[in-house]
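Undergrad: Below is the structure I would like to discuss, written out as structure tokens.
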Amino acid sequence: MILRRCLTLLVIVLLIGVPAGYLLISAEQSRNSGLDKERESSATGLRENWPSKMKRRVFEVPIPAKATEVAYYETSNWKSSRFYVTFRTTAAGLDLFLNRVGTTRSELKTGEVTIGERDASTVGWTFGPDTLWSGTTHPQTDPRPTQDITVNLTDPSSPEVFVVSTTTP
């Protein structure tokens, strides 16, 4: 008799308790995910954090693994989506980044800032005259993004990279 009641209780827990617990955990994770996305979409400037792998893949911005001071921002409208990224890396990291984008250091034009004033003001970047700037634009056919890359090479061992990757639907 006691064994039968214990077995009945075990079956009830397994049939009702486990799915109910799973449902609660799943609901909490879904809620947290929505809050994270809401926070990210309501941001109005650069976020000091690594962008998700998905964003880096979609906008084709392969940030080197040992990059520091990483910050990003994304804007979207019906005409285009823009992904703004800045980071500091090493000389080898810059070469790796440029190679993964599909360009090389020789494509960087000394003294050229390829990021327009409108894009720069969107995230508060200023490209002053007392800095050694080099830049290039890496155009690609739609739907692949076009990247405007500007690099601060004042300290060649620790370049600061600024990227605006633009896609059109």
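Undergrad: Take the residues in the stretch 46-65 that are at negative phi and touching a residue at least 40 places away in the same chain (Cβ under 8 Å), then tell me which one is most open to solvent (accessible area, probe 1.4 Å).
TA: Step by step, filter the stretch 46-65, then rank; the result is 58.
Undergrad: Name the one entry in 42, 30, 26 that is at pLDDT 75 or above and either open to solvent by less than 90 Å² (accessible area, probe 1.4 Å) or more than 23 Å from residue 168 (Cβ to Cβ) (or both).
TA: Working: 42 fails: at pLDDT 75 or above; 30 fails: at pLDDT 75 or above.
Exactly one of 42, 30, 26 is at pLDDT 75 or above and either open to solvent by less than 90 Å² (accessible area, probe 1.4 Å) or more than 23 Å from residue 168 (Cβ to Cβ) (or both), namely 26.
Residue by residue, here is whether (1) over 16 Å from residue 166 (Cβ atoms); (2) not in a loop (DSSP other than H, G, I, E, B) holds:
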{"position": "78", "(1), (2)": "no, no"}
{"position": "87", "(1), (2)": "yes, yes"}
{"position": "95", "(1), (2)": "yes, yes"}
{"position": "98", "(1), (2)": "yes, yes"}
{"position": "118", "(1), (2)": "no, yes"}
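Undergrad: Still on this structure: Restricting attention to the stretch 66-76, and to residues there that are assigned to a strand (DSSP E or B) and of a type outside the set (S, T, N, Q), which single residue is most open to solvent (accessible area, probe 1.4 Å)? Break it down into steps so the answer makes sense when it comes.
TA: At the first step, the residues of the stretch 66-76 found to be assigned to a strand (DSSP E or B) are 68-76.
Still in the running and of a type outside the set (S, T, N, Q): 69-74.
Values: 69: 119, 70: 12, 71: 8, 72: 11, 73: 35, 74: 62 Å².
Filtering the stretch 66-76 for residues that are assigned to a strand (DSSP E or B) and of a type outside the set (S, T, N, Q), the one most open to solvent (accessible area, probe 1.4 Å) comes out as 69.
Undergrad: Could I ask something else about it? Inspect the stretch 118-134 for any residue being within 15 Å of residue 62 (Cα to Cα), acidic (Asp, Glu) and surrounded by 15 or more Cβ atoms within 10 Å (Cβ to Cβ) and give the result as yes or no. Steps first, please.
TA: Here is the first cut: in the stretch 118-134, the ones within 15 Å of residue 62 (Cα to Cα) are none.
No, the stretch 118-134 contains no residue that is within 15 Å of residue 62 (Cα to Cα), acidic (Asp, Glu) and surrounded by 15 or more Cβ atoms within 10 Å (Cβ to Cβ).
The values are calculated or read from the model by the stated rules, or taken from the named source; none is laboratory data. Small disclaimer: the values here were computed from a predicted structure and weren't measured. As a convention, Cβ positions derive from the backbone with ideal geometry for all residues, glycine included, and neighbour counts pool all protein chains shown. Surface areas here come from the heavy atoms of the whole protein model, side chains and all, with no ligands, DNA or RNA. Shrake-Rupley method; radii C 1.70, N 1.55, O 1.52, S 1.80 Å.
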